[in-house]
Amino acid sequence: MPIVVRIDVELARRKMSVGEFAERVGLTPANVAVLKNGRAKAVRFSTLEAMCRVLGCQPGDLLEWVDDQDAGPGGESP
């Protein structure tokens, strides 16, 4: 998948747990896991806005486009 979700990186930078993040954003921890693992098919702008507000970041800090041709196995960039 050419869109890579970097929530785990931003959570680690802030030393924030998935549970705390989920509660502050208004998601279940299971839905945060779906986002983190790249299994989400869509993200509402309101959810993206809440994630950015909680993490104090920009959407580009959470989402990255990776060319499929440059991606390794599983769609992750090398």
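Each reported figure results from applying straightforward, stated rules to the coordinates on display, with no laboratory input. On a predicted model such as this, the values are computed, not experimentally measured, just so you know. Ideal geometry is used to build each Cβ from the backbone, glycine not excepted, and the neighbour counts take in all protein chains shown.
Quick look at the numbers
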read-out	value
K15/A42 FRET efficiency (R0 25 Å; Cβ-Cβ; nearest 0.05)	0.30
Net charge over other residues, Cβ less than 12 angstrom from the Cβ of L27 (K, R count +1; D, E count -1)	+1
Unit charges on C-beta of K, R, D, E only; dipole of the chain, Debye	380 debye
Nearest-ten-degree value, helix 45-55 long axis tilted from longest Cα axis of the chain	70 degrees
³J(HN,Hα) computed for each position of region 4-19 - Karplus, 6.51 cos²θ - 1.76 cosθ + 1.60, integer Hz, glycine/proline x	9, 9, 10, 4, 4, 5, 5, 5, 5, 4, 9, 6, 10, 7, 4, x
Karplus (6.51, -1.76, 1.60) ³J(HN,Hα), θ = phi - 60°, over region 25-42, in Hz, Gly and Pro reported as x	7, x, 10, 7, x, 5, 5, 5, 4, 4, 5, 4, 8, x, 8, 6, 8, 7
